[in-house]
1. Along the range 32-46, what does the Karplus equation 6.51 cos²θ - 1.76 cosθ + 1.60 (θ = phi - 60°) give for ³J(HN,Hα), rounded to whole Hz, x for Gly and Pro?
2. Give me the net charge for the shell around Ser287: Cβ to Cβ below 13 angstrom, other residues only, Lys and Arg +1, Asp and Glu -1.
3. In the neighborhood of Ala32, defined by Cβ-to-Cβ distances under 15 Å, what is the net charge if each Lys or Arg adds +1 and each Asp or Glu adds -1?
4. Going by amide H atoms built from the backbone, whose H comes under 5 Å of the H on Ser59, apart from near neighbours?
5. Would you mind checking which residues have amide H under 5 Å from Leu169's amide H? H placed 1.01 Å from N; only 5 or more apart, or other chain.
6. For Asp58 and Ser209, compute 0.36 nm times the residue count separating them, minus their Cα-Cα distance, and round to one decimal in nm.
7. Tell me, what is the 1.4 Å probe accessible area of Ile93, in Å² to the nearest 10?
8. Kindly state, to the nearest 0.05, the FRET efficiency for Lys197 paired with Ile348, given R0 = 56 Å and r defined as their beta-carbon distance.
Amino acid sequence: MSRISKILVFTILLLLTSPLRAIDAEEAPKLAYILIGIYGGKYVNEKSLHMVLNYLRDSMIRIGNITWRIKVHIIKETDILLKQDTGLLYDVIILPDGDLSKYASSLTTLRSEIVNVLKHGGGFIGIGAGAYIVTKDILYPGAKELKYTGWSLIDARTYAVTYTGNITLRLTKYGNIIFNKTTSIFNKTSGYVFESKVALPLAIVNSASNASGNVYLVIGYPAALAYENATCRAVLIGFVDISREELLQSIAYVSGIINASYLRFVSMFNRFLNVLCNVSFAIPPSSLEKIKNCLNEALSNANSDIHYSLYLLYYAKDIFREDYLQWLSYREKIYLIKHVASISLIIIGIMSSFLALYIYVFKRKYLKGGTLKDSQNYYVQ
């Protein structure tokens, strides 16, 4: 068979099989990533942190033929200072239970980090103290003054309550999206509930058996909230004994992949475009072309298949993140080299000063001693 005949046959086969391959491509499972930053610094409750990490290890969320795989990065104070605006990296930030007083007084860098994530269209999940601190304030029953002032990221107020015994939670219709239990057992003598006019209650305290103290602040108040505005979603969970499924459902909600809407997608789309237009590094042309193609296809499918559009949007974000991480790695190396050089110069300067002082003192002592000795010898002679 001649070469031209072979090319012709190959072209015909390609034309015949291309529609089949297109169908297979649409039906094939698609993989996207949700990158989650979890605060794991010195003020976190280690038990709460390990619970979250164990739940998310090798976890994924599947909707239709799209699999959303969870990537986890632990955030510490040094990471934020080194990487500056790491809010560009994360789709969701989780703040586990921890030391509320330290959260309130010491974590200004972390607060800025969460603000950046929300500004770029990301989501937030707070558990225990991690939920209380993002509200406007934390009130104690009967107290005339606020015990703590919150970060005011969520338009809600936290109430501290006292009780001993079991608390029964009633899920709202909205809460059924996320939670799968109606009862939580608290073996503590204090806890927290929320009050908000704009946030949606997910789990309401229905009863408190064997309770004591200020029970009137418990019954009927939300123990978990869902907060949503035009730019972000957040889930605040007042209790710490959540299940793996509840955490994954919370992630799916705040990242926008469940209860997805066209308006929510457009908001996320526009915010990502804004990020692309204002980044402080040059995105490689090949990556920029891939991102552009993904975003064009995502926008054209948003009305017909919102989850496929979200998949494309997250895929574009993942391409961007790979380049951003490389740029950050380069900046970190430069940062470390500069600081090592600065420290080296300081050490050399200090050592030089000590050496100069030593030489000066030794020289002065030697010259003074030598002059007297020489003069005495001269006169004796």
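The values are calculated or read from the model by the stated rules, or taken from the named source; none is laboratory data. Values in this document were obtained by computation on a predicted structure and should not be read as measured data. Positions of Cβ are generated from backbone atoms using ideal geometry, with glycine treated the same way; all protein chains shown enter the neighbour counts. Calculation scope for accessible area: heavy atoms of the full protein, side chains included, ligands and nucleic acids excluded. Shrake-Rupley method; radii C 1.70, N 1.55, O 1.52, S 1.80 Å.
1. So the Karplus estimates, Gly and Pro as x, are 10, 10, 10, 8, 10, x, 10, 5, x, x, 6, 9, 7, 6, 4 Hz.
2. Working: positive: Lys290, Lys292, Lys317, Arg321; negative: Glu289, Asp318, Glu322, Asp323.
In short, 0.
3. Values: positive: Lys30, Arg62, Arg69, Lys71, Lys290, Lys317, Arg321; negative: Asp91, Glu297, Asp305, Asp318, Glu322.
For residues surrounding Ala32, the net value is +2.
4. Hits under the 5 Å cutoff: Ile70.
5. Here Thr183, Ser184, Asn206 satisfy the definition.
6. Values: separation 151, 0.36 × 151 = 54.36 nm, distance 3.80 nm.
Working it through step by step, the gained length comes to 50.6 nm.
7. Counting only protein heavy atoms, Ile93 exposes about 0 Å² to solvent.
8. Working: r = 62 Å, r/R0 = 1.10.
Approximately 0.35, to the nearest 0.05.
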